[in-house]
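Trainee: Structure in structure tokens, see below.
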Amino acid sequence: MKIKEIELRTIHLPLVRPFRTSFGTQTSREVLIVKVTNKNGTAGWAECVAMSEPLYSPEYVAGCIDLIKRFLLPALIAKPEIKAEDVATVLKPFLAGQMAKASLETAILDAQLKDGKVSLASYLGATKSKVECGVSVGIASNLEALGNEVKSYVDAGYRRIKLKIEPGWDIEAVKYIRNLYPDIPLQVDANQAYSRNDGKHLARLDEFNLLLIEQPLDEHDILGHALLAKEVKTPICLDESIVSLQSAEDALALKATTIINIKPGRVGGYLESVKIHDLCVKSKIPVWCGGMLETGIGRAANLALAALPGFTLPGDTSASARYFKQDITTPFVMEDGYLTVPNKPGIGVEPDMDFLESITRSKEVIR
Ligand code: OSB
Ligand code: MG
């Protein structure tokens, strides 16, 4: 297709409750929304999952906007025609910006699939029409508050609970929830908060029958995760460390991870995500779809991915109401612990333009 114009818009959405992780507390979500219009007049939408600050990953919203305007967009526009399948190759010379790149590829893919009348789910190879939902639960101020929050999610039907942990909020929190819910699928996410010396401590989690420990160590410490995997019985699952197919291959070969969290933004897009999925299926490694507090735009596309057959564990694909009072699309509502995979052409959802305008903080159109 030929690109006619690109709109870069930042929006600001309050969260229904603060979300605390080992890297900080968020009370709202600033999101970069990308709209690509092609010469047919078809609009493709995507959300860039970078956060306001570079605390989870090196990317951040203002940096992504600069990268897109300064380097990524000029490289794409220099091509007389562009297919979504070629975006990653065209952008490969630029060494920064998996999340920024993913947002451009996805918006272009949305427009391309709409023109071809194909849903993202069927394009990616989805085999399910609904996906099981898990929920990520932030660090709470005390155990009782944690228990109340978890109860609200269990009562709502969530099929897997993930507790955020950090030194000082780990064994006791897990023990407390495991006592309340002896059988619920439970896992933890440390967001890199531990060090190589913490093996013995983390092994104390083994008695609680957790599905996995997500990203205990620094994102660059692949060897550390491999060493840790020998000290703890609970499976290690990498999140931040997996930034491409290559890094997934390496981490698996080094036995640093036995389960993988795939986040399309973190690995450069949905096409790279499918390659990682295929590798994991071939290697008999379970995968699940992570989340980045997405609005309905990003959530729709994540559901398409999570509908692939290798996604055998519930992901952080929660309902819109988990994070937002009002979503920018028709809300994703959970039924019996499942969300329905969109099946309209492209990502299958459109933003509510009035609401989108009302929460817009900046907007630039590049022709
Ligand atoms: O590590 O998975 C993570 C949110 C923001 C950044 C990183 C992470 C998370 C979550 C929540 O755990 C995922 C979600 O519910 O969207
Ligand atoms: Mg994580």
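The values are calculated or read from the model by the stated rules, or taken from the named source; none is laboratory data. Quantities reported herein were computed from a predicted structural model and do not represent experimental measurements. Note: ideal-geometry Cβ built from the backbone for every residue, glycine included; neighbour counts use all protein chains shown.
Trainee: Consider segment 207-228. How many of its residues are within 22 Å of R178 (Cα to Cα), buried (at least 20 other Cβ atoms within 10 Å of the Cβ) and not charged (D, E, K, R)?
Mentor: 6
Trainee: To continue, here is another question. Mind listing whichever residues of segment 194-214 are in a loop (DSSP other than H, G, I, E, B) and within 16 Å of ligand 2 (Cβ to nearest atom)?
Mentor: Within segment 194-214, Y194, L210, L211, L212 meet the criteria.
Trainee: I'm checking my understanding of the structure. Among residues of segment 257-274 that are of a type in the set (A, V, I, L, M, F, W, C) and away from ligand 2 (no atom under 15 Å from the Cβ), which one is farthest from V287 (Cα to Cα)?
Mentor: So the first thing to find is which residues in segment 257-274 are of a type in the set (A, V, I, L, M, F, W, C), and the list is 259-260, 262, 267, 271, 274.
Now drop any that are not away from ligand 2 (no atom under 15 Å from the Cβ), which leaves 271, 274.
Details: L271: 15, V274: 11 Å.
It comes out as L271.
Trainee: Mind checking which residues of segment 122-137 are within 17 Å of I276 (Cβ to Cβ), more than 17 Å from the chain's Cα centre (by Cα) and either within 16 Å of ligand 2 (Cβ to nearest atom) or not in a loop (DSSP other than H, G, I, E, B) (or both)?
Mentor: Result: Y123, single match.
Trainee: Quick one: which residue in R20, R29 is in contact with a His (Cβ under 8 Å, 6 or more places away or on another chain) and either surrounded by fewer than 24 Cβ atoms within 10 Å (Cβ to Cβ) or modelled with pLDDT of 95 or more (or both)? Working first, answer last.
Mentor: Details: R20 fails: in contact with a His (Cβ under 8 Å, 6 or more places away or on another chain).
R29 is the lone residue from the list that is in contact with a His (Cβ under 8 Å, 6 or more places away or on another chain) and either surrounded by fewer than 24 Cβ atoms within 10 Å (Cβ to Cβ) or modelled with pLDDT of 95 or more (or both).
Trainee: Do you know which of the residues in segment 215-256 that are β-branched (V, I, T) and not in a loop (DSSP other than H, G, I, E, B) is nearest to ligand 2 (Cβ to nearest atom)?
Mentor: Among those that are β-branched (V, I, T) and not in a loop (DSSP other than H, G, I, E, B), it is I236.
Trainee: Condition first: crowded, with 21+ Cβ neighbours inside 10 Å and within 14 Å of ligand 1 (Cβ to nearest atom). Now tell me which residues in segment 258-271 satisfy that.
Mentor: Matches in segment 258-271: I260, N261, I262, K263, P264, G265, R266, V267.
Trainee: Please go through (1) in contact with a Pro (Cβ under 7 Å, 6 or more places away or on another chain); (2) in a loop (DSSP other than H, G, I, E, B) for S273 and return the number of the only condition it doesn't satisfy.
Mentor: (2)
Residue-by-condition table, conditions (1) surrounded by 22 or more Cβ atoms within 10 Å (Cβ to Cβ); (2) assigned to a strand (DSSP E or B); (3) modelled with pLDDT of 95 or more:
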{"site": "E294", "(1), (2), (3)": "yes, no, yes"}
{"site": "P309", "(1), (2), (3)": "no, no, yes"}
{"site": "Q326", "(1), (2), (3)": "no, no, yes"}
{"site": "P331", "(1), (2), (3)": "no, no, yes"}
{"site": "D354", "(1), (2), (3)": "no, no, yes"}
{"site": "R361", "(1), (2), (3)": "no, yes, yes"}
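Trainee: When the residues of segment 2-17 are filtered to those that are closer than 24 Å to G97 by Cβ and among the β-branched types (V, I, T), which remaining residue is surrounded by the fewest Cβ atoms within 10 Å (Cβ to Cβ)?
Mentor: Top of the filtered list is T10.
Trainee: Any idea which residue in segment 49-70 is farthest from N302 (Cα to Cα), counting only those that are touching a Gly at 6+ places or on another chain (Cβ under 7 Å) and either part of a helix (DSSP H, G or I) or in contact (Cβ under 8 Å) with a residue 40 or more places away in the chain (or both)?
Mentor: Among them, the one singled out is L67.
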